[in-house]
Amino acid sequence: MKRRDFIIQTSAATAITLTGFGLSSFSSAKTKRITILHTNDTHSHLDTFPQTDAKFPNQGGAAKRATIFNKVKSENPNTLILDAGDMFQGTPYFNYYGGELEIKVMNMLKYDAGTLGNHEFDNGVNSLAEQIQKANFDIINANYDFKNTLMDGLTKPYKVFMKDGIKIGVFGLGIKLEGLVNKSEYGETVWNNPIEIAQDVTRILKNDLKCDLIICLSHLGYKFGGNSQMISDLDLASKTKNIDLIIGGHTHTFLEKPTIILNAEQKEVIINQVGCYGVRVGQIDFYFDEFKNKSTTARVINV
C-alpha cells in the first residue's frame, strides 16, 4: 500500500495530488478534466444535524449537499455524481416513506448512478423493487443475481458515460447478504463473488468498450480485521486489474485522503470512502492529456 503526501488547500477541503504529470500541465488547452463527486452510507439523513449533536453538529443535509454539487458542476460540467449504497435506513424518513423520499431527493440532487447497500433490503426485496423504479438515475450492481425476484431487470451491471470525449465505465458490487440481512428480506437474490465478477466486467469495459476510466461503486467495505472472510475494497483492488477508482461504502470509513494500492498488474488503484450520513462529499478529479494519460487530484469536502 502506498500513500502520498497531501496539501492543505482550505480549512474545509483537503487537496491531494495523487499521480501523473505536474500541475503546470493542467492549464494546457488539450487537457480534459473529469470530476467525480461521491457519497456513501447517507442512511436517510436528509436534514442537517442539530447544533447540539455530539458528533456532527450543524453538518450534513441534502440542501447543503445540493449547494456543493451545483457549485462544482458550474465549475466543471464534465462531472459525475455517484453513490456507493446504503441510501436507506437511519431516520424516521425511511420508517415512514420506505425509501421513496430518499430516492426523490437524490433525483433532485441529480445523481448519475448509485449502487445497492445491504440496508436497501431492509423492507424486503419487493419494496426495494417498488422504490428504485422511482429513481431517475441508474442503479448499478454486477454481482447480485435478481432473476427470481421482482428486482429482475431493474439494475444494470455497468453503465458507460461519455464526458468531453472521455469514456467512463462505472460498475457496482454489493456485499454478501447471507448472515448480514434476513433471508426473508433478500429472498431469492443470489450473491456472486465480487472479485470474479469484477474481472469479467472490467474486461468488457476495458477491452470491448474501450473505456478510458473505470470506476467501481463498491458496498463491500474498506477493510475487515481479524480472520474475517469478507472481501473488502483493499482485496478487490489488489486482486483485480483495470479498475482506476473504487468508491467505497458499508464500513463508514472516514478517509482523510484516498488510499492508493497496487493491483494485480502492479498499477495504482485509488480507493476512497467519505464516512457516513452525508457529512462529507468526496471529489476526485481526473486530468487527461492529449494522449489520454491521466493524472489525479482529490479532496474531501465537509458538508
* To do: Could you tell me whether any residue of the range 150-159 is touching a residue at least 40 places away in the same chain (Cβ under 8 Å), closer than 16 Å to T115 by Cβ and either part of a strand (DSSP E or B) or out of contact with any Gly (no Cβ under 9 Å at 6 or more places or on another chain) (or both)?
  => yes
* Structure fact -> Reported set for the range 123-145 where residues are among the β-branched types (V, I, T) and assigned to a helix (DSSP H, G or I) is V125, I132
* To do: Would you point out which residue out of T296, T240 is β-branched (V, I, T), modelled with pLDDT under 95 and within 20 Å of L213 (Cα to Cα)?
  => T296
* Residue in the range 161-176 that is closer than 20 Å to L80 by Cβ, surrounded by fewer than 15 Cβ atoms within 10 Å (Cβ to Cβ), at pLDDT 95 or above and among the basic types (K, R) present -> no
* Asked: List the pairs whose first member sits in the range 57-77 and is on the phi > 0 side of the Ramachandran plot, whose second member is assigned to a loop (DSSP other than H, G, I, E, B) and of a type in the set (D, E, K, R), and whose Cβ atoms are under 9 Å apart, counting only residues at least 6 apart or on separate chains?
  -> G60/D47; G61/D47
* Report yes if some residue within the range 123-135 is over 18 Å from D41 (Cβ atoms), of a type in the set (S, T, N, Q), surrounded by fewer than 18 Cβ atoms within 10 Å (Cβ to Cβ) and over 19 Å from the mean Cα position of the chain (by Cα); otherwise report no. => yes
* Could you say whether any residue in the range 112-121 is among the charged types (D, E, K, R) and more than 18 Å from G249 (Cα to Cα)? -> no
* **Unmet requirement for G221, which otherwise passes all of (1) in contact with a Leu (Cβ under 7 Å, 6 or more places away or on another chain); (2) within 24 Å of G90 (Cα to Cα); (3) not charged (D, E, K, R)** => (1)
* Among (1) farther than 24 Å from I271 by Cα; (2) at pLDDT below 95, which single condition is R4 missing? -> (1)
* For residues that are among the acidic types (D, E) and either assigned to a strand (DSSP E or B) or surrounded by fewer than 15 Cβ atoms within 10 Å (Cβ to Cβ) (or both), tally how many sit in the range 41-97. => 4
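Yes/no per residue for (1) in contact with a Leu (Cβ under 8 Å, 6 or more places away or on another chain); (2) free of Cβ contacts under 8 Å to residues at least 40 places away in the same chain; (3) among the aromatic types (F, W, Y):
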{"site": "L209", "(1), (2), (3)": "no, no, no"}
{"site": "D212", "(1), (2), (3)": "no, no, no"}
{"site": "C216", "(1), (2), (3)": "yes, no, no"}
{"site": "G226", "(1), (2), (3)": "no, yes, no"}
{"site": "N242", "(1), (2), (3)": "yes, no, no"}
{"site": "I246", "(1), (2), (3)": "yes, yes, no"}
{"site": "F291", "(1), (2), (3)": "no, yes, yes"}
{"site": "A298", "(1), (2), (3)": "yes, no, no"}
* **Of all residues in the range 102-122 being part of a helix (DSSP H, G or I) and surrounded by fewer than 18 Cβ atoms within 10 Å (Cβ to Cβ), the one that is nearest to the chain's Cα centre (by Cα)** => N107
* **Tally of residues being under 24 Å from M87 (Cα atoms) and outside any loop (DSSP other than H, G, I, E, B) across the range 238-254** => 4
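The values are calculated or read from the model by the stated rules, or taken from the named source; none is laboratory data. Everything numeric in this text was worked out from a predicted model, so none of it was measured. Virtual Cβ from ideal backbone geometry, glycine too; neighbours counted across all protein chains shown.
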